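A.B. asks: What follows is a single structure, and I will ask about it in a moment.
The values are calculated or read from the model by the stated rules, or taken from the named source; none is laboratory data. Predicted, not measured: the structure shown is a model, and the values here were computed from it. No Cβ is skipped: glycine too gets one built from the backbone with ideal geometry, and neighbour counts run over all protein chains shown. Just the protein is used for accessible areas: all its heavy atoms, side chains included, with ligands, DNA and RNA removed. Shrake-Rupley method; radii C 1.70, N 1.55, O 1.52, S 1.80 Å.
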Amino acid sequence: MKRVTVLLCALTCVWSANAQFTLTPTGFVSDNPADDDFYLIECPGQGAEDIFRAVAYFMESSFPFPWTQFNAIEPESFTVFTVVPDAVVDGRRPTAGKVYDMEFRWRVDIRDGMIRLWVPEIGSLSREKRNTVSFDVGVGIGTESVELPVVGRSFVFVSTNYLPGQTRRYRTGSSAIFNRKGKLKREILKASLEDYFNSMTGSLEKYLSGRNDEW
């Protein structure tokens with residue numbers, strides 16, 4: 001149930017058309033007209049210390065997984081490195097073999113009255129892959145074929161040329177969203193990745209702007 005809930009949230013929480021990240025063969029870019037490496041969120045009247053606490057709360061609440069790593073320099077920056085289970089899909093329906101866990105790194109720089117949300121760095125997308133292996137064993141004076149299940153992982157990367165700084169890089173034999181020439185091969189998976197981070201960015205922006213509302 002928990003894994004399904006994470007997936008449904010990733011699929012249905014897109015609300016802000018203004019917080020746009022676009023995936024390219026060399027990673028995400030922002031629609032920010034000043035710099036495509038980050039998205040700027042203004043927080044009028046809020047000091048860096050207050051913004052830092054708000055960002056930390058949002059990130060720690062959004063990624064409460066035991067393997068998540070947080071790195072903070074208070075109140076200047078906050079970074080999250082995590083793997084989100086069942087985060088994105090590669091089909092119009094989240095069926096087996098179409099749902100992927102996502103490994104990524106995301107950094108926020110904080111100043112009085114604003115934050116700079118850097119483009120996320122995608123390490124890999126992966127899913128569990130089950131196969132069977134057959135081998136012969138000796139039985140008495142003959143042999144008998146035995147099949148055993150083998151569980152591994154199937155990986156998908158942004159492209160073979162995408163080299164994120166501190167995350168997993170392309171593995172030979174894996175597949176990619178963009179081919180070696182930069183042509184898009186997996187449109188739904190690309191859209192699912194964009195929806196995920198646009199949703200998170202929009203939710204963070206909404207949280208920062210509404211913290212002073214009465215409740």
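A.B. asks: Using 0.36 nm times the number of residues separating SER154 and THR172, minus their current alpha carbon distance, what extension gain do you get? Walk me through the intermediate numbers first.
C.D. replies: Numbers: separation 18, 0.36 × 18 = 6.48 nm, distance 1.18 nm.
In short, 5.3 nm is gained.
A.B. asks: Another question about this same structure. As a test of understanding, state the convex hull volume per residue of the stretch 26-92 from its alpha carbons, in Å³. Can you show the working numbers first?
C.D. replies: Details: hull volume 10.7 nm³, N = 67.
Value for the stretch 26-92: 159 Å³ per residue.
A.B. asks: Moving on. Mind checking the per residue accessible area of the stretch 161-215 for me, 1.4 Å probe, whole number of Å²?
C.D. replies: So the stretch 161-215 comes to 64 Å² accessible per residue, rounded to a whole number.
A.B. asks: Right, next: What does the charge add up to near LYS190, with Lys and Arg as +1, Asp and Glu as -1, over the other residues with Cβ less than 12 Å from its Cβ? The partial results should precede the final answer.
C.D. replies: Values: positive: LYS183, LYS185, ARG186; negative: ASP90, GLU187, GLU194, ASP195.
With Lys, Arg at +1 and Asp, Glu at -1, the neighbours total -1.
A.B. asks: Now, a different point. Students often get this wrong, so check it: of LYS98/LYS129; LYS98/LYS190; LYS98/LYS185, which have C-alpha atoms separated by over 22 Å? Numbers along the way, then the final one.
C.D. replies: Working: LYS98/LYS129 11 Å; LYS98/LYS190 13 Å; LYS98/LYS185 15 Å.
Violating the 22 Å Cα-Cα cut-off are zero pairs.
A.B. asks: Roughly what would the spin-label model give for GLU60 and ASP37, points 7 Å off Cα along C-beta, in nm?
C.D. replies: Result: 2.9 nm between the two label points.
A.B. asks: Between THR68 and TYR207, what is the spin-label point distance in nm, taking each point 7 Å from the Cα along the Cα→C-beta axis?
C.D. replies: Simple spin-label model gives 0.8 nm for this pair.
A.B. asks: Compare the Cα positions of ASN198, GLY173, SER159 along the charge dipole of the stretch 155-212 (+1 at Cβ of Lys, Arg; -1 at Cβ of Asp, Glu; about the Cα centre) and return the one farthest towards the positive end.
C.D. replies: GLY173
A.B. asks: Take the solvent-accessible surface of the protein heavy atoms, probe 1.4 Å, and return the percent of it on the stretch 84-127 that carbon and sulfur atoms account for. All intermediate terms of the calculation are to be shown ahead of the outcome.
C.D. replies: Values: 720 of 1710 Å².
Result for the stretch 84-127: 42 percent of the exposed heavy-atom area is carbon or sulfur.
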